[in-house]
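Have a look at the structure below, then the notes.
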Amino acid sequence: MLYKLRITTSILESLDWFVLAIYFLILIAVAVWVVLQKNKDTEDYFLAGRNVGWFVIGASIFASNIGSEHVVGLAGTGFESGTPMAHYELHAWIVLLLGWLFLPFYIRSGAFTMPQFLEKRFDSRSRWFLSLFSLVAYVLTKVSVTIYAGGIVVSELLGIPFWYGAIGIVVFTGIYTVVGGMKAVIYTETLQTVVLILGSLIITYLGLQEVGGWRQLRDTVITVSPDHFNMWRPMSDPNFPWTGLLIGGTIVGIWYWCTDQYIVQRTLAANNIKIGRRGAIFGAYLKLLPILIFLVPGIIAFALSILNPEVFSIEKADRAFPMLVKTLLPVGLKGLVAGGLIAALMSSLASVFNSCSTIFTIDISKKLKPNKEEQYLLKIGKIATGFIVILGIIWIPIMEKIGGGVMYQYLQNVQSYIAPPVTAVFLLGIIWKRVNSDAAISTLLAGFMFLILRLGTEIYYQSQIVSGEVVNNIMYRLATINFSHMAILMFILSVIICIATSLLTSAPDYKTIVGLSYGTLTKEQKQAQKESYDTIDILLSIVLVILVIGILCYFT
């Protein structure tokens, strides 16, 4: 079994261990302080009492997104194929969409969860579908993948067996999430974000010095791999066609950033739309950082392995970031960055645990037992979190069979097939008041059928796809469409189904969805909307969009 008995000597020295211990003591102190504040009810436990500032919300959005699989996978991609995957990191502008387009409707609806919003906008069928769909998707993708990647990081840095690292992290994270709820997650995430950004910036700086500066980095890499700094690969490129990454990536991005409980829950912790939006704008700026602090170090590792293969060689692209931590950082800083990396995976896990527990408690328990008191629901939330932790651990051996470098690709593929119907239903539901409950559930169910069909054919024809053997039938063609192009195709089909069903069935009762769609806003709500932002919010958003366009133009 992969990594089961893999034991490396620890790269940390006494001072590093001392720094690491202090860092974790501070984390525990924050969690204890939060526990002493006591969670009064479900709103306090799951949404931190809807009383969190914009800085904390933005940092929390960023920390939830940056898991260990992100750090390891993005640096690995930078090492292996260069900048095409940076398209996914330039989704910063989609985080703005969350603040400007989606969030006002979510906060106005008073919903705790995304399935709850769907019920208010459509009906309970959509709510049940999204609740169960989200929980299964979390366990299969987020929980298990994060634990798996985390086990690799911890075993590399601390020199302990994979399983000890993976289970130790899960237990530690699980305890502080179950005890403290959303407040513990959000406040410890803020601290972890600061440490991770500083540590990664130092690695990028030291790495650039080692290579000889940015120009030297470009020249060294381009002589060996001319396309390494090109984000715009041809449309026919089998792995990274620009059309798929730009358009298909946007569809996945709207699902991930604007409709997924995991991210949206952070902005719902604000007590009004203005603070929530500012948190999203701040989070969007932070979202530009991964290119600099995770992707560029991967490219630096590639350049160093060309310039000095004796010192900087790695057997696998995913080891690029841990290798830089080992070789470039001075004693003491190694301990802090190791803490930051471990904190990143804990923060991702904590977010998943809390979001699963929220969906389970609010969308399933409260629905089945509406008359139960708040304390009972909180207890159910904690038990659900514990159950999800156990499921995640049980899934690891199965993940290991999928294993290795396929993991990141597997994750991107699955997300590209999950996203289109959910994106279509949320986007059309908010923009167009005519979309009714029949259209929503038809689109979600049809999307689920497309997902099963595509994954089924991909698994069935796996050996032919790998060997390059061509099979002349429609199912094989379906299995071989690039994953990002498949997302575009599924989205177009979802939109057609949603619009056609809406027009062929009766219109919804507009009185029941006041304020939940653009066409049903009252005069007062439109006025409140105008008052919820200032000139500074607009200016910061425009500057961000210009920055994104600038980066897209630079890497050509």
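The values are calculated or read from the model by the stated rules, or taken from the named source; none is laboratory data. Nothing here was measured: the structure is a model prediction, and the numbers come from that model. Please note: Cβ atoms are built from the backbone with ideal geometry, for glycine as well, and neighbour counts cover all protein chains shown. Side chains included, ligands, DNA and RNA excluded: accessible areas come from the protein's heavy atoms. Shrake-Rupley method; radii C 1.70, N 1.55, O 1.52, S 1.80 Å.
For beta carbons closer than 7 Å, sequence separation of 6+ or different chains, a first residue in segment 496-515 that is farther than 15 Å from ASP123 by Cβ and assigned to a loop (DSSP other than H, G, I, E, B) and a second that is open to solvent by less than 50 Å² (accessible area, probe 1.4 Å) and among the hydrophobic types (A, V, I, L, M, F, W, C), the qualifying pairs are GLY515/LEU521.
The set of residues in segment 117-132 that are polar (S, T, N, Q) and over 21 Å from the mean Cα position of the chain (by Cα) comprises SER124, SER126. A count restricted to segment 202-222 and to residues that are open to solvent by 60 Å² or more (accessible area, probe 1.4 Å) and either within 13 Å of VAL71 (Cβ to Cβ) or aromatic (Phe, Trp, Tyr) (or both) stands at 2. From the residues in segment 271-280 that are assigned to a helix (DSSP H, G or I) and open to solvent by 10 Å² or more (accessible area, probe 1.4 Å), which one is nearest to GLU89 (Cα to Cα)? Selected residue: ARG278. Looking only at residues of segment 80-92 that are out of contact with any Lys or Arg (no Cβ under 9 Å at 6 or more places or on another chain) and in a helix (DSSP H, G or I), we find that the one that is most open to solvent (accessible area, probe 1.4 Å) is GLU80. Looking across segment 367-384, the residues that are surrounded by fewer than 16 Cβ atoms within 10 Å (Cβ to Cβ) and of a type in the set (A, V, I, L, M) come down to LEU368, ILE383. Looking at segment 296-366, the helices (runs of 4 or more DSSP H) lying wholly inside it that each contain 2 or more residues that are under 29 Å from ALA111 (Cβ atoms) and open to solvent by less than 10 Å² (accessible area, probe 1.4 Å) sit at 333-358. Mind checking which pairs have a first residue in segment 20-43 that is under 16 Å from THR193 (Cα atoms) and part of a helix (DSSP H, G or I) and a second that is at pLDDT 80 or above and open to solvent by 70 Å² or more (accessible area, probe 1.4 Å), Cβ under 6 Å, 6 or more apart or different chains? Hits for this filter: zero, empty list.
When residues in segment 489-536 are screened for being surrounded by 13 or more Cβ atoms within 10 Å (Cβ to Cβ), polar (S, T, N, Q) and over 14 Å from ILE273 (Cβ atoms), 6 of them pass. Within segment 223-247, restricting attention to residues that are more than 26 Å from ILE306 (Cα to Cα) and touching a strand residue (DSSP E or B) at 6+ places or on another chain (Cβ under 9 Å), the residue that is most open to solvent (accessible area, probe 1.4 Å) is MET235.
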